[in-house]
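Student: Have a look at the structure that comes next, please.
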Amino acid sequence: MSPTLSRRTLLGGGLAAGAGLVIGFHVPGPRRAARAAERVFAPSAWIRIDRDGIVTIVNGMSEMGQGTGTTMPMIVADELEADWSKVRVEQAPADPAYGNPLLGGRQSTVGSMSIRGSMGLWRRAGAAAREMLVAAAAQVWGVPVEECYAEQGAVYHRPTGRRLAYGELVDRAAQLPVPQSPRLKTPAEFRLIGKTVRRLDTPDKVTGRAIFGIDVTVPGLLVATVERCPVFGGGVKSVDAAAARAVKGVRHVVRIASGVAVVADDYWSARRGREALRVAWDEGPNAALSSADISRGYAALARQPGRVARREGDAAGALARAARALEAVYEVPFLAHATMEPMNCTAHVRPDRCDVWAPTQNQTGTQETAMRLTGLPRERVFVHTTLLGGGFGRRSETDFVAEAVELSRAVGAPVKVIWSREDDIRHDYYRPATYNVLRAALDAGGMPVAWTHRIVGPSLLIPRKFPLGPDGVDRTAVEGAANIPYAIPNVEVDWVYKDFGIPVGFWRSVGASQNAFVTESFVDELAHAAGRDPFEFRRALLGRAPRHRAVLELAAREAGWGTPPPPGRARGIAVAFSYGSYAAQVAEVSVAPDGRVRVHRVVCAIDCGIAASPDQVKAQMEGGIVFALTATLHGEITIEGGRVRQSNFHDYPMLRIDETPRIEVHILESGEAPGGAGEPGVPPLVPAVCNAIFAATGRRIRRLPVRPEELRRT
């Protein structure tokens, strides 16, 4: 253990190229002492090896179906040369040792950052442990370390064939210094990275042994549900709780920051008690707000200039001089996350400690929320991360955590807060609704010479007091728009900020999810106006974007672009960059006479640099495509009287199995640094489908979701 390596050193300079100090081997004091008492080899926060040779790898990321609970240990175990059959995985506590370098050391699973943020760190941790075990074996045998090598959980001596298992070496290895620049494997040496490995969490999920947040139980547990103001920005005026307290099983009725909670012996008692509450609401300033008001407000603001996110050349001048100019308005609605497992959290607050059991994407934020509400120091707040029944960004928020902590503190017992599906839909942090005005100019040859894009909408960063860019722009609002890859000489993208009081949050692929729909649909409009094939038009404009072009070409080739589609079908294409990865998709679509859209086939090409777990990359692309197709065909949150109209899956439907297309995923191995996989499958899908609808019907989709009545053939 190197006593000089601190977390500040690791995050500040330890990851710089050539810095050398690049392994995350800071283990907090109590844990380090415990390891010595247990006689295990624990060279880093991520690895423990006991005398039986069992390798425990500690995963600091949340597992919400995206596979980090398997891919992360694969990466460490590969460099460690562990015997995969002896690898066990343990969920990390909330601890700065497990922070993500891309997030300034915060422990949070967001932005498709898990692998791309920490893969280098994990590889170095595994490689350093491997070198320590090899050095320990060399000492035992009294031979040069160069004569020894590690393989599958043991160290071998080349000249004699002698073998020592890792478990036999842990005591001696624990006495050695941690190598600061261990040799990493070459790709040709990988045994696990880039290979097909069965997921570790599948057996427990199939048998029901897996513990999600809603499964947590502790002695003396009470269950709560919360009545919240139906109007955003409103609050409690008065409460009559007499009937609620009379319900069998109800223990407490408590006013908390988010509303009025009923705490009971079980969920259904709490639910019945909540239904018996008589709450008068102060509905606040948004009581008359509607989606139509928001759209009209955005449209009015679109007539004024915004904060400039990108300006190259003279787009206004080029538009004025153009041989041909085009203009279009695109709108996207608010969208809920609709995770399969509704929000829930269990907390137990005592005078000297607080325990939180949560299906959270944000361990640091969860811990900080509990610290703020209890006044306890960080070392007295313990976060136990369960499996997540879906996240998509929703579980990076901590509102549901705050409710559990507040209630446990108020009633002096452990409390589990459970949201209903209606709570989840009507009290979400929604993907922002935006209004987009695009203009472009084509030269005499049909090539674009100018492009402007004005985005009107709310901010994800301002309400959270996160810093904006130096230009005053929320980068999450313009991602996928300000960074369009096409070689257009005059470009201007600006953003007009407007908040109507609807809570907004990070939704899978964030700004790129809606902006790719807008930009890739408008590129398709330009191709049509120029009389060019949409694929060839894009390809001609991607001369300075080789990775975009490569995935575009791969998707087009695998989809059979340029050959006739099956009768009654049409194809659409789109390409987008998000979260360090490049993805292109081709959708094959038919439109029935009544306007119903059927997506038959989606071909996806993804360049995520190093695909640490190809099966998981494919699964994430498939999941992203289904998620995005749900939004394309069904997704819309509408506001009326300051309230969300939708409430459950009957009016906020998910894609059904008979609507799901055949999906083909092709991974382009570029050898570049790892990119994300959880989110890049979403952005290209919506424009690919909408462009295919245009190819089939001649009708352009500029407002989501797709409305069959607008495509009906009379």
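The values are calculated or read from the model by the stated rules, or taken from the named source; none is laboratory data. Everything quoted here is computed from the prediction, not taken from an experiment. Every residue, glycine as well, gets a Cβ built from its backbone with ideal geometry; the counts of neighbours run over all protein chains shown. Heads up: the accessible areas ignore ligands, DNA and RNA and are worked out on the full protein's heavy atoms, side chains in. Shrake-Rupley method; radii C 1.70, N 1.55, O 1.52, S 1.80 Å.
Student: Among the candidates ALA287, ALA300, single out the residue that is open to solvent by 20 Å² or more (accessible area, probe 1.4 Å), closer than 30 Å to LEU442 by Cβ, more than 32 Å from the chain's Cα centre (by Cα) and among the hydrophobic types (A, V, I, L, M, F, W, C).
Tutor: On the way: ALA287 fails: closer than 30 Å to LEU442 by Cβ.
Testing whether each residue is open to solvent by 20 Å² or more (accessible area, probe 1.4 Å), closer than 30 Å to LEU442 by Cβ, more than 32 Å from the chain's Cα centre (by Cα) and among the hydrophobic types (A, V, I, L, M, F, W, C) leaves just ALA300.
Student: Those residues that are among the hydrophobic types (A, V, I, L, M, F, W, C) and surrounded by 16 or more Cβ atoms within 10 Å (Cβ to Cβ), I need them from region 222-242; list them, please.
Tutor: Start the filter on region 222-242 by keeping residues that are among the hydrophobic types (A, V, I, L, M, F, W, C), which leaves 222-224, 226, 229, 231-232, 236, 239, 241-242.
Within region 222-242, LEU222, VAL223, ALA224, VAL226, CYS229, VAL231, PHE232, VAL236, VAL239, ALA241 meet the criteria.
Student: Can I ask one more? State yes or no: is ALA210 surrounded by fewer than 16 Cβ atoms within 10 Å (Cβ to Cβ), in contact with a helix residue (DSSP H, G or I) (Cβ under 8 Å, 6 or more places away or on another chain) and modelled with pLDDT of 95 or more? Walk me through how you get there before you give the answer.
Tutor: Working: surrounded by fewer than 16 Cβ atoms within 10 Å (Cβ to Cβ): no; in contact with a helix residue (DSSP H, G or I) (Cβ under 8 Å, 6 or more places away or on another chain): yes; modelled with pLDDT of 95 or more: yes.
No, not satisfied.
Student: Follow-up. Would you mind finding the one in ALA628, ALA692 that is of a type outside the set (S, T, N, Q), out of contact with any Gly (no Cβ under 6 Å at 6 or more places or on another chain) and under 21 Å from ASN515 (Cα atoms)?
Tutor: Numbers: ALA692 fails: out of contact with any Gly (no Cβ under 6 Å at 6 or more places or on another chain).
Result of the check over ALA628, ALA692: ALA628.
Student: Would you mind stating whether GLU679 is crowded, with 17+ Cβ neighbours inside 10 Å, of a type in the set (Asp, Glu) and not in a loop (DSSP other than H, G, I, E, B)?
Tutor: So GLU679 fails the test.
Student: Determine whether region 98-118 contains at least one residue that is touching a residue at least 12 places away in the same chain (Cβ under 8 Å) and under 27 Å from ALA165 (Cβ atoms). Full working, then the answer.
Tutor: Within region 98-118, the first condition is being touching a residue at least 12 places away in the same chain (Cβ under 8 Å), and the residues that meet it are 98-118.
Filter once more, keeping what is under 27 Å from ALA165 (Cβ atoms): none.
No, region 98-118 contains no residue that is touching a residue at least 12 places away in the same chain (Cβ under 8 Å) and under 27 Å from ALA165 (Cβ atoms).
Student: Restricting to region 195-207, and then to whatever is hydrophobic (A, V, I, L, M, F, W, C) and outside any helix (DSSP H, G or I), can you tell me which residue is least open to solvent (accessible area, probe 1.4 Å)?
Tutor: So in region 195-207, the residues hydrophobic (A, V, I, L, M, F, W, C) come out as 197, 200, 206.
Pick out the ones that are also outside any helix (DSSP H, G or I) and you get 197, 200.
Values: VAL197: 19, LEU200: 67 Å².
My answer is VAL197.
Student: Being farther than 30 Å from PRO285 by Cβ and not hydroxyl-bearing (Ser, Thr, Tyr) is the requirement here; does GLY505 meet it?
Tutor: Numbers: farther than 30 Å from PRO285 by Cβ: no; not hydroxyl-bearing (Ser, Thr, Tyr): yes.
So GLY505 does not fit the description; no.
Student: Looking only at region 124-151, filter to residues that are open to solvent by 20 Å² or more (accessible area, probe 1.4 Å) and in contact with a His (Cβ under 9 Å, 6 or more places away or on another chain); which one of those is nearest to GLU81 (Cα to Cα)?
Tutor: Checking each candidate, the answer is TYR149.
Student: Quickly run through region 608-650 and pick out the residues that are closer than 25 Å to GLY67 by Cα and in contact with a helix residue (DSSP H, G or I) (Cβ under 8 Å, 6 or more places away or on another chain). Walk me through how you get there before you give the answer.
Tutor: Here is the first cut: in region 608-650, the residues closer than 25 Å to GLY67 by Cα are 608-631.
Once the filter is applied, which keeps residues that are closer than 25 Å to GLY67 by Cα and in contact with a helix residue (DSSP H, G or I) (Cβ under 8 Å, 6 or more places away or on another chain), region 608-650 yields CYS608, GLY609, ILE610, ALA611, ALA612, SER613, GLN616, GLY624, ILE625, ALA628, LEU629, ALA631.
Student: Also, I was wondering about something else. Going residue by residue through region 178-191, is there one that turns out to be in contact with a helix residue (DSSP H, G or I) (Cβ under 8 Å, 6 or more places away or on another chain) and among the β-branched types (Val, Ile, Thr)?
Tutor: Yes, there is a match, as at least one residue in region 178-191 is in contact with a helix residue (DSSP H, G or I) (Cβ under 8 Å, 6 or more places away or on another chain) and among the β-branched types (Val, Ile, Thr).
Student: Within region 532-560, can you find the residues that are closer than 16 Å to ASN691 by Cβ and either at pLDDT below 95 or open to solvent by 50 Å² or more (accessible area, probe 1.4 Å) (or both)?
Tutor: Those that are closer than 16 Å to ASN691 by Cβ and either at pLDDT below 95 or open to solvent by 50 Å² or more (accessible area, probe 1.4 Å) (or both): ARG532, ASP533, GLU536, ARG539.
Student: Could you grab me the full set of residues in region 667-711 that are more than 22 Å from the chain's Cα centre (by Cα), within 24 Å of GLU479 (Cβ to Cβ) and of a type in the set (Gly, Ala, Ser)?
Tutor: SER670
Student: Does any residue in region 610-638 that is closer than 22 Å to ILE193 by Cβ come within less than 7 Å, Cβ to Cβ, of a residue that is open to solvent by 30 Å² or more (accessible area, probe 1.4 Å) and in a helix (DSSP H, G or I) six or more places away or on a different chain, and which pairs are these?
Tutor: Note: pairs meeting the criteria are ALA612/ILE115.
Student: Across region 592-603, which residue is farthest from GLU479 (Cα to Cα) among those that are open to solvent by less than 20 Å² (accessible area, probe 1.4 Å) and β-branched (Val, Ile, Thr)? Steps first, answer last, please.
Tutor: Let us first name the residues in region 592-603 that are open to solvent by less than 20 Å² (accessible area, probe 1.4 Å), namely 595, 599, 602-603.
Retained after the next criterion (residues that are β-branched (Val, Ile, Thr)): 599, 602-603.
Values: VAL599: 27, VAL602: 24, VAL603: 24 Å.
Among them, the one singled out is VAL599.
Let's see how each residue does on (1) without any contact (Cβ under 8 Å) to a residue 24 or more places away in the chain; (2) among the charged types (D, E, K, R); (3) in contact with a strand residue (DSSP E or B) (Cβ under 8 Å, 6 or more places away or on another chain):
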site: VAL279; (1), (2), (3): no, no, yes
site: GLU283; (1), (2), (3): no, yes, no
site: ALA288; (1), (2), (3): no, no, no
site: ARG296; (1), (2), (3): yes, yes, no
site: ALA302; (1), (2), (3): no, no, yes
site: ALA320; (1), (2), (3): yes, no, no
site: PRO333; (1), (2), (3): no, no, yes
site: MET371; (1), (2), (3): yes, no, yes
site: HIS384; (1), (2), (3): no, no, yes
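Student: When the residues of region 303-321 are narrowed to those that are open to solvent by 80 Å² or more (accessible area, probe 1.4 Å) and part of a helix (DSSP H, G or I), which ends up farthest from SER459 (Cα to Cα)?
Tutor: In this case the residue turns out to be ARG321.
Student: Of the residues in region 300-338, how many are in contact with a helix residue (DSSP H, G or I) (Cβ under 7 Å, 6 or more places away or on another chain), among the small types (Gly, Ala, Ser) and within 15 Å of ARG439 (Cα to Cα)?
Tutor: 2
Yes/no per residue for (1) crowded, with 24+ Cβ neighbours inside 10 Å; (2) under 17 Å from PHE506 (Cβ atoms):
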{"site": "THR434", "(1), (2)": "yes, yes"}
{"site": "ARG439", "(1), (2)": "no, no"}
{"site": "LEU442", "(1), (2)": "no, no"}
{"site": "GLY445", "(1), (2)": "no, no"}
{"site": "VAL449", "(1), (2)": "no, no"}
{"site": "ARG454", "(1), (2)": "no, no"}
{"site": "LEU468", "(1), (2)": "no, yes"}
{"site": "ALA477", "(1), (2)": "yes, yes"}
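Student: Consider region 243-264. How many of its residues are out of contact with any strand residue (DSSP E or B) (no Cβ under 7 Å at 6 or more places or on another chain), small (Gly, Ala, Ser) and crowded, with 17+ Cβ neighbours inside 10 Å?
Tutor: Of the residues in that region, 0 qualify.
Student: Another one. What are the residue pairs meeting all of these: first residue in region 341-364, first residue under 13 Å from ALA413 (Cβ atoms), second residue acidic (Asp, Glu), Cβ atoms under 8 Å, and 6 or more apart or on different chains?
Tutor: ALA347/ASP355; HIS348/ASP355
Student: Output the number of residues of region 695-714 satisfying the condition of being assigned to a loop (DSSP other than H, G, I, E, B) and open to solvent by less than 80 Å² (accessible area, probe 1.4 Å). Walk me through how you get there before you give the answer.
Tutor: The initial filter retains those residues of region 695-714 that are assigned to a loop (DSSP other than H, G, I, E, B), namely 698-702, 704-707, 712-714.
Remaining after also requiring open to solvent by less than 80 Å² (accessible area, probe 1.4 Å): 698, 700-701, 704-707.
Number satisfying all stated conditions: 7.
Student: Inside region 541-658, counting only strands (runs of 3 or more DSSP E) that do not spill past its ends, which hold 1 or more residues that are charged (D, E, K, R) and closer than 20 Å to GLY480 by Cβ?
Tutor: On the way: elements: 570-578, 581-591, 597-607.
Per the criteria, 597-607.
Student: Quick one: would you say ARG274 is open to solvent by 40 Å² or more (accessible area, probe 1.4 Å) and of a type in the set (Lys, Arg)? Full working, then the answer.
Tutor: Values: open to solvent by 40 Å² or more (accessible area, probe 1.4 Å): no; of a type in the set (Lys, Arg): yes.
Considered against the rule, which asks whether it is open to solvent by 40 Å² or more (accessible area, probe 1.4 Å) and of a type in the set (Lys, Arg), ARG274 comes out as no.
Student: Any idea which of ILE667, ILE606 is surrounded by fewer than 20 Cβ atoms within 10 Å (Cβ to Cβ) and within 26 Å of HIS548 (Cα to Cα)? Can you show your working first?
Tutor: Numbers: ILE606 fails: surrounded by fewer than 20 Cβ atoms within 10 Å (Cβ to Cβ).
So the residue among ILE667, ILE606 that is surrounded by fewer than 20 Cβ atoms within 10 Å (Cβ to Cβ) and within 26 Å of HIS548 (Cα to Cα) is ILE667.
Student: Does PRO463 count as open to solvent by 10 Å² or more (accessible area, probe 1.4 Å), assigned to a loop (DSSP other than H, G, I, E, B) and not acidic (Asp, Glu)? Spell out the reasoning first.
Tutor: Numbers: open to solvent by 10 Å² or more (accessible area, probe 1.4 Å): yes; assigned to a loop (DSSP other than H, G, I, E, B): no; not acidic (Asp, Glu): yes.
No; evaluated as a whole, the condition is false for this residue.
Student: Can you pull out every residue in region 44-90 that is open to solvent by less than 10 Å² (accessible area, probe 1.4 Å), polar (S, T, N, Q) and not in a helix (DSSP H, G or I)?
Tutor: SER44, ASN59, SER62
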